[in-house]
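Asker: Shown below is the structure under consideration.
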Amino acid sequence: MINFVYLSKGLNALARAHRMSAMAGHLGAAVVAGYFIGEQHPYLDSRVNKGIEGDLDRIMAGESVFGAKMTKNAKIMDSELFEAFPKEKPNENLIDGIAEALEKNIGKPRESGHNVIFASIAIHALKEHPDFATPSIIDGIRKLIGLFDKAHPGSGYYGKAKGRITGNKITLPEGDEDGAPHYTDLRGMVEAVLDAIINQDPKVNSVGYGGLVHVNNHAAAIVDLADYGYSELVPAAIASHHQHMRLWRNLPNLVNELGPAPFSKFSPYTADYWTSGQIPYDRALLTHRVKTMFGFDEMTAAVDDEPKEKRAADKLRYMM
């Protein structure tokens, strides 16, 4: 199991992230997600648990690219995000306030789905452990989600000539002429994401909109919204995810410029991954590795297709 202390520390950081930046939500969300991997997989090899906790410790120590390092004139340091709040009486009814904040910006993709990802991870944690649903925690997380109200969909890299372009400036093919799968429900969304994971090929290297990591995590967040009683948000969330998926799928293949896409030899659920001495920390993986592991399990719980889940689980290492 992963030490329970990470759950409270992660929620503290989510609630304080608005004091730094919207993207600072990465830190707390990753630490919360890392804790829940232990609940999802209570019998993991102790070396896997140690590796995950090592990632979480690195995040809290200030190694994340999404903390004070990327925030000009930061008024709070990464380690301070995780400090305890003064004691307050919890109120589980306040959790709905996070969904209310999310409802204001869920209709369009925002920063590669981070509005939904951060809100959903917080809701998952607080519904499972309502003793942490204090006014300070809920109010802080609502403020974090509110920072996404006017955010763009994220950005993609379109090669040397064009550089990075935000998704609101990209014109996609009309309809589904790009071959993107069409879906309007949870099962269709999850199956489309699993197919994308299964079909990964190092000869295709595109960069942007958070990559398949965020397509996965965004879908997982929507599944959890439905599971925890916020089905009224799901139709708009799925439409937003479909737009996210299309933006990602329409990125150019830059393998000639960037080389083959890197991938891991081992699954992150095995000790070999964590003891190989080849754990990557580039591509912002420090805050995304555990969220992707957590998200994959949450997402696949929405469909009953064990063969497809196994094929996708094997290719998860392509995102690590």
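Asker: On a C-alpha basis, how far is the centre of region 265-309 from the centre of region 198-242 in Å? Whole number, if you could?
Answerer: 15
Asker: Out of region 36-80, which trypsin sites (Lys or Arg not before Pro) are coil in DSSP terms and have no more than 16 other C-beta atoms within 10 Å? All intermediate terms of the calculation are to be shown ahead of the outcome.
Answerer: On the way: sites: Arg47, Lys50, Arg58, Lys69, Lys72, Lys75; in loops: Lys72, Lys75.
Hits after loop and neighbour filter: Lys72, Lys75.
Asker: Along the charge dipole of region 5-146, Cβ charges K/R +1 and D/E -1, which of Phe66, Ala119, Ser79 sits furthest on the positive end?
Answerer: Highest projection toward the positive end goes to Phe66.
Asker: Going toward the positive end of the dipole of the chain, with +1 on Lys and Arg Cβ and -1 on Asp and Glu Cβ, which of Gly167, Ala196, Leu186 do you reach last?
Answerer: Gly167
Asker: Sticking with this structure for a sec: Limiting things to C-alpha atoms, what are the Rg and the maximum Cα-Cα separation (Dmax) for the chain, in angstroms?
Answerer: Looking at the chain, its Cα Rg and Dmax stand at 18.5, 57 Å.
Asker: With +1 assigned to the C-beta of every Lys and Arg and -1 to the C-beta of every Asp and Glu, and no other charges, what is the dipole magnitude of the chain about the Cα centre in debye, to the nearest 20? Walk me through the numbers on the way to the answer.
Answerer: Values: 35 positive and 40 negative charges, 275 e Å.
Dipole size: approximately 1320 debye.
Asker: While we're here: Mind putting a number on the dipole of region 42-147 about its Cα centre? Charges go on the C-beta only, +1 for Lys and Arg and -1 for Asp and Glu, and I need it in Debye to the nearest 20. Display every interim value, and only then the final one.
Answerer: Working: 14 positive and 17 negative charges, 83 e Å.
For this selection, approximately 400 debye.
Asker: What is the sum of charges around Ile222, taking Lys and Arg as +1, Asp and Glu as -1, for the other residues whose C-beta is under 11 Å from the C-beta of Ile222? Intermediate values should be presented prior to the final figure.
Answerer: Values: positive: none; negative: Asp185, Asp224, Asp227, Glu298.
Residues close to Ile222 contribute a combined charge of -4.
Asker: Something else now. Would you list Lys127, Lys310 from fewest to most Cβ contacts within 10 Å?
Answerer: Details: Lys127 15, Lys310 11.
Result, fewest neighbours first: Lys310, Lys127.
Asker: Just tell me the longest site-free run in the chain, where the sites are GluC sites (Glu not before Pro) in a DSSP loop having at most 12 other beta-carbon atoms within 10 Å. Walk me through the intermediate numbers first.
Answerer: Details: sites that count: Glu83, Glu88, Glu174, Glu177.
My reading of the result: 178-320 is the longest stretch.
Asker: Can you report the principal axis dimensions of region 5-146 using only the alpha carbons, biggest first, rounded to whole angstrom?
Answerer: Extents along the principal axes, in whole Å: 41, 35, 34.
Asker: Mind sorting Phe294, Phe132, Phe263 by how few other Cβ atoms lie within 10 Å of their own Cβ, fewest first? Please report the intermediate quantities before stating the final value.
Answerer: Details: Phe294 27, Phe132 21, Phe263 14.
Exposure proxy ranking, most exposed first: Phe263, Phe132, Phe294.
Asker: A further question on this structure: Convert each backbone phi in region 252-268 into a coupling constant with the Karplus relation 6.51 cos²θ - 1.76 cosθ + 1.60 (shift: θ = phi - 60°), then list the ³J(HN,Hα) values in order as whole Hz, x for Gly and Pro.
Answerer: x, 7, 10, 4, 5, 8, 9, x, x, 5, x, 8, 8, 6, 10, 6, x
Asker: With just the Cα atoms defining each centre, how far is region 99-115 from region 139-166? Give it in Å.
Answerer: 11
Asker: Given Cα pairs under 8 Å that are at least 6 residues apart, what percent is the relative contact order of region 161-319? Before the final figure, lay out each step's value.
Answerer: On the way: 149 pairs, mean separation 56.8, N = 159.
The value is 36 percent.
Asker: If you add up the charges near Leu251, with Lys and Arg at +1 and Asp and Glu at -1, over every other residue whose beta carbon is less than 12 angstrom from its beta carbon, what do you get? Intermediate results must be reported in sequence, preceding the final value.
Answerer: On the way: positive: Lys162, Arg164, Arg246, Arg249; negative: Asp178.
Here the charged neighbours net out to +3.
Asker: For Arg187 and Glu39, what is the calculated FRET efficiency with R₀ set at 25 Å and r taken between the beta-carbons, to the nearest 0.05? Write out the running numbers ahead of the final one.
Answerer: On the way: r = 24 Å, r/R0 = 0.97.
E between Arg187 and Glu39, to the nearest 0.05, is 0.55.
Asker: Most exposed first by the Cβ proxy, i.e. fewest other Cβ within 10 Å, how do Leu94, Leu316 rank?
Answerer: Working: Leu94 18, Leu316 21.
Lowest count first: Leu94, Leu316.
Asker: Still on this structure, I have one more. Out of Gly229, Val5, Ala302, whose Cα points farthest toward the positive end of the dipole of the chain (charges: +1 Lys, Arg; -1 Asp, Glu; placed on Cβ)?
Answerer: Positive-end residue among those listed: Val5.
Asker: Write down the radius of gyration of region 161-319 and its Dmax, each obtained from C-alpha positions, in Å.
Answerer: Values for region 161-319 (Cα only, Rg and Dmax): 15.9, 47 Å.
Asker: Mean residue ellipticity at 222 nm from the helices of the chain, using -39,500 (n - 2.57) per DSSP H segment of n ≥ 4 over the full residue count, to the nearest 500 deg cm²/dmol? All intermediate terms of the calculation are to be shown ahead of the outcome.
Answerer: Values: 14 runs with 163 residues, N = 320.
Only helices count here, giving -15500 deg cm²/dmol.
Asker: What's the magnitude of the charge dipole for region 209-320 around its Cα centre, counting Lys and Arg as +1 and Asp and Glu as -1 at the beta-carbon? Answer in Debye, nearest 20.
Answerer: 460
Asker: If you average the sequence gap of Cα pairs under 8 Å that are 6 or more apart and divide by the length of region 5-146, what percent do you get for the contact order?
Answerer: Values: 201 pairs, mean separation 50.7, N = 142.
Once divided by the residue count of region 5-146, the mean separation gives 36 percent.
Asker: I would also like to ask the following. Quick one: which residues, 5 or more positions from Gly208 or on another chain, have an amide H under 5 Å from its amide H? H modelled 1.01 Å from N in the peptide plane, none for Pro or chain starts.
Answerer: Tyr157
Any read-out appearing in this document is the output of simple, stated calculations on the displayed coordinates, not a laboratory observation. Quick caveat: nothing in here was measured; it's all calculated off a predicted structure. Cβ: placed from backbone, ideal geometry, glycine included. Neighbour counts: every protein chain shown.
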